[in-house]
Amino acid sequence: MSNDAGQLTLDALFSTRAKLAGGGAEWAPEPDGTISLAYGFADPEHFPVKELVEATAEILAEDVNGALNYGPTYPGLVKLVVARMQARGVAQANPKNVLISYGSSQILALLPQILVDPGDTVIVEGPCFMGAVRSFQEAGAKIETVTVLEDGMDIDALEAMLADLKSRGIHPKFIYTTPTFQNPTGTLMPLANRKRLVALAAQYGVLIVEDDAYGDLRFEGDALPPLIALDTQGWVINVGTFSKILAPGVRMAWTCGPEAIIKRLLKFKVEGSSGPFLTRLVERFASDGKLEAHISDLNTNYRHKRDVMVAAITEHFPADVRYVVPTGGFFIYCYLPADLPAPKVIAAGRTHGVSCLPGMGCYANGQGTHEIRLAFSYQSVDNITEGIRRLGAAMKSVRA
């Protein structure tokens, strides 16, 4: 059998869903010397290596069989998540409505499996985290997009959309939103809009999927309650993660929401537990206030990096590039003038040795041609300054 024939035979075996699926997310290596501001990686200089090594040694000394054999998710981690949720005002949090997962992306991929049939409508922000939206699309969802303003999702536009969909007999399955330090814009939804959003969900009988990945990374200002803390009728599913506040490689996250949702998610989380060793490790590291102290250190570091990037943008970017200074999270989002389309800026950036994420990669409807996302979380302070200088030079070369 020829290679071509073998390839055709394999293609014929794929399911319809597999044939329609787009390419998976891969980390493309950058050319040597390129400074990448594209990816929202955590700062490796602030991984708590020593503390994780100590926690590992303690766990293995205490109970090798319990930690390394087959076994359930460690109940102590569930208890810790419940306590953290309650401390943020989520009075309804309890072990029965919390599920531990391998990263928040696992939950965001499981939710459409239990909520979406092909042709169902899902409402998302534009721009937003497209990793989640791709999971919704692969489940067959029809995506409706609500614009993100300088203070988060446009709630007036959402209300009008919900009314229009209802008039056409369309009942959306859920609204996907990141109200706190949104990815990619870094915006923060004010309290009044949060209350309106939760009220609209109850009024129209639509679930809210609250992606709260960056909620702990607040640099200034008072903490706002997560949407789930404002929910008294069971219409909010909160998804949180340890990836941003501990280490992405640990792959530990959680969701808190109506017990009926948690039970359905458990049926589709076919591997069962999230590992007795990893769940013990995260709980042991996070106990006795160590996690909160670590988060405080992270916020000091990321706030400084944000300030360095803002100063560099002010110095090196054209004055008509717009952006909002975020009060938390990993990103600064830039709106480019008409003569600086993102594809040309990014292409010029490559020739200057810098990369960033085009806005088109953050929309489900093809928008974002004059927008870019810059991540300040991963690179060193010197690389942030130099990367922004290079990107500013690239913009000037396009304009010239």
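Could you tell me whether the range 346-355 includes any residue that is at pLDDT 95 or above, part of a loop (DSSP other than H, G, I, E, B) and not basic (Lys, Arg)? Walk me through how you get there before you give the answer.
Initially, the range 346-355 is screened for residues at pLDDT 95 or above, giving 346-355.
If we keep only those that are part of a loop (DSSP other than H, G, I, E, B) too, we end up with 352-353.
If we keep only those that are not basic (Lys, Arg) as well, we get 352-353.
For the range 346-355, residues at pLDDT 95 or above, part of a loop (DSSP other than H, G, I, E, B) and not basic (Lys, Arg): present.
Restricting attention to the range 307-326, the residues that are of a type outside the set (Phe, Trp, Tyr) and touching a helix residue (DSSP H, G or I) at 6+ places or on another chain (Cβ under 9 Å) add up to 11.
Return yes or no: is GLY359 modelled with pLDDT under 95 and either in the same structural domain as MET130 (by TED's automatic domain parsing) or not polar (S, T, N, Q) (or both)?
Answer is no for this residue.
The rows are residues; the columns are (1) within 21 Å of ILE261 (Cα to Cα); (2) at pLDDT below 75; (3) among the acidic types (Asp, Glu).
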| site | (1), (2), (3) |
| --- | --- |
| ILE35 | no, no, no |
| ASP43 | no, no, yes |
| ALA83 | yes, no, no |
| ILE100 | yes, no, no |
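Residues in the range 273-305 that are more than 19 Å from ALA83 (Cα to Cα) and without any contact (Cβ under 8 Å) to a residue 12 or more places away in the chain: THR300 only.
Every residue in the range 143-167 that is among the hydroxyl-bearing types (Ser, Thr, Tyr), closer than 20 Å to MET130 by Cβ and part of a helix (DSSP H, G or I), please. Answer for the range 143-167, where residues must be among the hydroxyl-bearing types (Ser, Thr, Tyr), closer than 20 Å to MET130 by Cβ and part of a helix (DSSP H, G or I): there is none.
Tell me which residues, restricted to the range 349-369, are over 20 Å from GLU30 (Cβ atoms) and touching a residue at least 60 places away in the same chain (Cβ under 8 Å). Result: TYR363, ALA364, ASN365, GLN367, GLY368. The residues of the range 246-257 that are surrounded by fewer than 18 Cβ atoms within 10 Å (Cβ to Cβ) and either touching a residue at least 60 places away in the same chain (Cβ under 8 Å) or on the phi > 0 side of the Ramachandran plot (or both) amount to a single one, PRO248. The set of residues in the range 233-263 being modelled with pLDDT of 95 or more and of a type in the set (Val, Ile, Thr) consists of VAL236, ILE237, VAL239, THR241, ILE245, THR255, ILE261, ILE262.
Here the range 326-378 is the region considered, the condition is being aromatic (Phe, Trp, Tyr) and out of contact with any Pro (no Cβ under 6 Å at 6 or more places or on another chain), and the residue that is farthest from GLU144 (Cα to Cα) is TYR378.
Here is a yes/no grid of residues against (1) in a helix (DSSP H, G or I); (2) surrounded by fewer than 21 Cβ atoms within 10 Å (Cβ to Cβ); (3) under 22 Å from the mean Cα position of the chain (by Cα):
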position: TYR302; (1), (2), (3): yes, no, yes
position: ARG306; (1), (2), (3): yes, no, yes
position: MET309; (1), (2), (3): yes, no, yes
position: PRO318; (1), (2), (3): no, yes, no
position: PRO337; (1), (2), (3): no, yes, no
position: MET360; (1), (2), (3): yes, yes, yes
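Restricted to the range 18-134, the set of helices (runs of 4 or more DSSP H) holding at least 3 residues that are surrounded by fewer than 19 Cβ atoms within 10 Å (Cβ to Cβ), among the charged types (D, E, K, R) and in the same structural domain as PHE174 (by TED's automatic domain parsing) comprises 49-62. If you go through the range 282-306 and keep only what is among the hydroxyl-bearing types (Ser, Thr, Tyr), touching a helix residue (DSSP H, G or I) at 6+ places or on another chain (Cβ under 8 Å) and modelled with pLDDT of 95 or more, you end up with nothing. Where in the range 168-276 are there strands (runs of 3 or more DSSP E), lying fully within it, with 1 or more residues that are more than 30 Å from VAL49 (Cα to Cα)? It comes to 174-177, 207-211, 236-241.
Does any residue of the range 321-335 turn out to be closer than 28 Å to GLU138 by Cβ and assigned to a strand (DSSP E or B)? The answer is yes, given that some residue of the range 321-335 is closer than 28 Å to GLU138 by Cβ and assigned to a strand (DSSP E or B).
When each of ILE346, ILE372 is tested for being of a type in the set (A, V, I, L, M), in contact (Cβ under 8 Å) with a residue 24 or more places away in the chain and closer than 16 Å to THR185 by Cα, the lone residue that passes is ILE372.
Say whether the condition of being touching a strand residue (DSSP E or B) at 6+ places or on another chain (Cβ under 6 Å) and aromatic (Phe, Trp, Tyr) is met by at least one residue in the range 245-255. Looking through the range 245-255, at least one residue is touching a strand residue (DSSP E or B) at 6+ places or on another chain (Cβ under 6 Å) and aromatic (Phe, Trp, Tyr). On inspection, MET161 qualifies as aliphatic (A, V, I, L, M), on the phi < 0 side of the Ramachandran plot and touching a strand residue (DSSP E or B) at 6+ places or on another chain (Cβ under 8 Å).
The values are calculated or read from the model by the stated rules, or taken from the named source; none is laboratory data. Computed from a prediction, not measured in an experiment: that's the story for all the values here. Cβ sites come from the backbone with ideal geometry, for glycine too, and all protein chains shown count toward neighbours.
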